[in-house]
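Down below is the structure, laid out as structure tokens.
The values are calculated or read from the model by the stated rules, or taken from the named source; none is laboratory data. Computed from a predicted structure; not experimentally measured. Here the Cβ positions follow ideal geometry from the backbone for every residue, glycine too, while neighbour counts run over all protein chains shown. Just so you know, the surface numbers come from the protein's heavy atoms only, side chains and all, with ligands and any DNA or RNA stripped out. Shrake-Rupley method; radii C 1.70, N 1.55, O 1.52, S 1.80 Å.
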Amino acid sequence: MESRYTGISRSRLPSWLRKTLQTSTKIHEIKSKLRSKKLHSVCEEAKCPNLCECFERGTATIMIMGRNCTRHCGFCAIKNGEPTPLDPDEPQNVAQQIKEMELRHAVITSVTRDDLPDGGAAHFARTIEAAKKSNPETAIEVLTPDFEGRALDVMTVCHAGPNIFNHNLETVERLTPYIRNKAKYARSLGVLRAAREGLPKGLIKSGLMVGLGEMFEEVERTLSDLKSVGCDIVTIGQYLRPNKKAIPVAEYIPPEIFRRYQTLQLKYGFKMLFAGPFVRSSYLADKVTLEG
Ligand code: SF4
């Protein structure tokens, strides 16, 4: 099938999505430091195309609560499997990792733990508190699951005082059942609305992937929905198939369409909107701190 915008068949990666992957001692250093504390990054688990660049810049998104997710979203490379018991040392290990990496902006995310009564909210809160205590100068961003929409669990995370609360809608309403089979569009908007209440002085963030068959107007409607629940920051990036089991790319969105998405920042009054082929929810996340 060829792209509506470019006519490029999806079997061929367009020029703007070709990236030379480099490796370096810095990348190995970060990986070995993470492993030494039984930690993992979502960068590695989700096979993010920006890993080399981010690790080279000394940033990484730390993933807590194990490597096995209780869900199996069609776009995601993270393993679905028997969840592992929570590691009581993990909050301190994350705090130490942030310290050693001298991060000015740290992103903490997790798999979804529908097996836990609070979805892991208390463990998330302990991790934020430990990270803030050991790294008072570091901005803490959390990228959370939907806690099955329980506002109480969202509040537990917010009351631990992250600077940025991020929960991704991932796609437009029409495609949500196909892309995130156990999630609900309205429920995720509810999570962001609760976070807005729970974090009045913080920033609320969400992210979308495009190239899954959505229409431009549907993305615009999604931005309007995000604005209506108090979202400040949005990321929009190209979906890339992480492996053969994941759903196929519907099309490669050309840079000029991302530039059109970028213009919607002003139209909807977002504090920040990052739109580009390689944009991911944590990609260059520290820009918010550096430029905020
Ligand atoms: S819930 Fe998150 S980590 Fe789990 S499969 Fe879906 S996107 Fe991946």
**Per residue accessible area of the chain, 1.4 Å probe, in Å²** = 44
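Dipole magnitude of the chain about its Cα centre, charges +1 at Lys/Arg Cβ and -1 at Asp/Glu Cβ only, in debye to the nearest 20? Walk me through the numbers on the way to the answer.
Numbers: 43 positive and 34 negative charges, 108 e Å.
Its charge dipole is roughly 520 debye.
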**Prompt:** How long, wide and thick is the chain, going by the Cα atoms along their three principal axes, in whole angstroms, largest first?
**Reply:** 51, 43, 40
**Prompt:** Dimensions of the stretch 5-151 along principal axes (Cα, Å, largest first)?
**Reply:** 49, 35, 25
**Request:** Taking a cut-off of 23 Å between Cα atoms, list the lysines near Lys182, but don't count ones fewer than 8 places away on the same chain.
**Result:** Lys47, Lys79, Lys205, Lys244, Lys245
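From Cα pairs below 8 angstrom and at least 6 apart in sequence, can you work out the relative contact order of the chain, rounded to a whole percent? Could you put the intermediate results ahead of the total?
Numbers: 546 pairs, mean separation 50.8, N = 292.
Reported relative contact order: 17 percent.
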**Stretch gain in nm, segment Thr20-Glu197, where the contour uses 0.36 nm per residue and the Cα spacing is subtracted** = 59.5 nm
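Calculate the translational D of the stretch 16-72 in whole µm² s⁻¹ from Stokes-Einstein, where the hydrodynamic radius comes from the Kirkwood formula applied to all Cα pairs, the temperature is 4 °C and the viscosity 1.567 mPa s. Before the final figure, lay out each step's value.
Details: Rh = 12.2 Å.
In µm²/s, the coefficient is 106.
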**Asked** Using a probe of 1.4 angstrom, how much of the accessible area of the chain is carbon and sulfur, in percent?
**Response** 54
**Request:** Please name whichever of Gly211, His167, Thr20 sits farthest to the positive end of the charge dipole of the chain, dipole taken about the Cα centre and charges placed at Cβ: Lys and Arg +1, Asp and Glu -1.
**Result:** Thr20
**Asked** What residues have an amide H closer than 5 Å to that of Ile64, excluding those fewer than 5 places away on the same chain, when H is modeled at 1.01 Å from N in the peptide plane?
**Response** Thr109, Ser110, Val111
**Message:** Between Glu82, Glu148, Glu220, where does the largest GNM mean-square fluctuation fall for the chain, given springs only between Cα atoms within less than 10 Å?
**Reply:** Glu82
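One quarter of the convex hull surface, Cα atoms only: what value does that give for the stretch 190-247 in nm²? The partial results should precede the final answer.
Values: hull surface 19.1 nm².
Approximately 4.8 nm², given one-decimal rounding.
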**Message:** Just to be sure I understand: of the beta bridges DSSP finds with both ends in the stretch 26-291, what percent are antiparallel, rounded to 5?
**Reply:** 5
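Just to confirm the filter: which trypsin sites (Lys or Arg not before Pro) across the stretch 205-286 are DSSP coil and have at most 13 other Cβ within 10 angstrom of their Cβ?
Details: sites: Lys205, Arg221, Lys227, Lys244, Lys245, Arg259, Arg260, Lys267, Lys271, Arg280; in loops: Lys244, Lys245, Lys271, Arg280.
Passing both the DSSP loop test and the Cβ count: Lys244, Lys245.
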**Item:** Tail fraction, Cα-Cα pairs, the stretch 217-270, threshold 17 Å, whole percent
**Value:** 45
